[in-house]
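> For reference, the structure I am asking about is given below.
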Amino acid sequence: MNSPHPRRAGSRPGLSRWAASRRARLSACALVLAFGVAGLSQPGSSQSDAAKAKAEPAKAAEPSLEGSWSGGGEVAFAVTGARERARCRAHYSRRTSNSYAMQATCATASGKAAQTATVHRVGENRYRGNFHNLEYDITGTIFVVVNGNSQSVRLTSSSGSALFRLTR
């Protein structure tokens, strides 16, 4: 029973392409989770808001990420070029005055994925960090822009990218 193409335990013949495509889609789904929002770059604060932020403590001028957020967006898969709509729920917990831990779960028509991230403040209402999906061993970059009770999230990795809009 030695064949030139040994099968992995539990695999079935003819499913390798399907499994690879499903894994790629689920990997992209994992990206979506990494916090997404549909349409990242919102216009920044006006000059008067910037002047207010300098005069007031940072906590009063800047919306907090802390808490639960949900919404949707789109995931783009690097392998196939396909795009899928996705729904996500994310929860942020403050770690330090300038960083948050995030846990998120996102779902597309292809499947569901959970991710974690740590984001650090890089500017007014802007956060950047790294996300990780343990199940598919995907790591990438996450960028979050907060605008009141709304946030835009962009995730990128070698497996694909995602954009989301989340609200409280």
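> Out of the residues in the stretch 71-100 that are β-branched (Val, Ile, Thr) and surrounded by fewer than 16 Cβ atoms within 10 Å (Cβ to Cβ), state the one that is farthest from residue 158 (Cα to Cα).
96
> Among the residues of the stretch 113-136, are any under 25 Å from residue 80 (Cα atoms) and in contact with a Lys or Arg (Cβ under 8 Å, 6 or more places away or on another chain)?
yes
> Residue check: is residue 161 of a type in the set (Gly, Ala, Ser) and more than 24 Å from residue 81 (Cβ to Cβ)?
no
> Of the residues in the stretch 132-163, how many are among the hydrophobic types (A, V, I, L, M, F, W, C), within 13 Å of residue 117 (Cβ to Cβ) and crowded, with 18+ Cβ neighbours inside 10 Å?
Number satisfying all stated conditions: 7.
> If you take the residues of the stretch 113-124 that are in contact with a helix residue (DSSP H, G or I) (Cβ under 7 Å, 6 or more places away or on another chain) and within 21 Å of residue 137 (Cβ to Cβ), which of them is surrounded by the fewest Cβ atoms within 10 Å (Cβ to Cβ)?
Selected residue: 114.
Any read-out appearing in this document is the output of simple, stated calculations on the displayed coordinates, not a laboratory observation. Keep in mind the model is a prediction, meaning the values are calculated, not measured. All Cβ positions, even for glycine, are placed from backbone atoms using ideal geometry, and neighbour counts span all protein chains on display.
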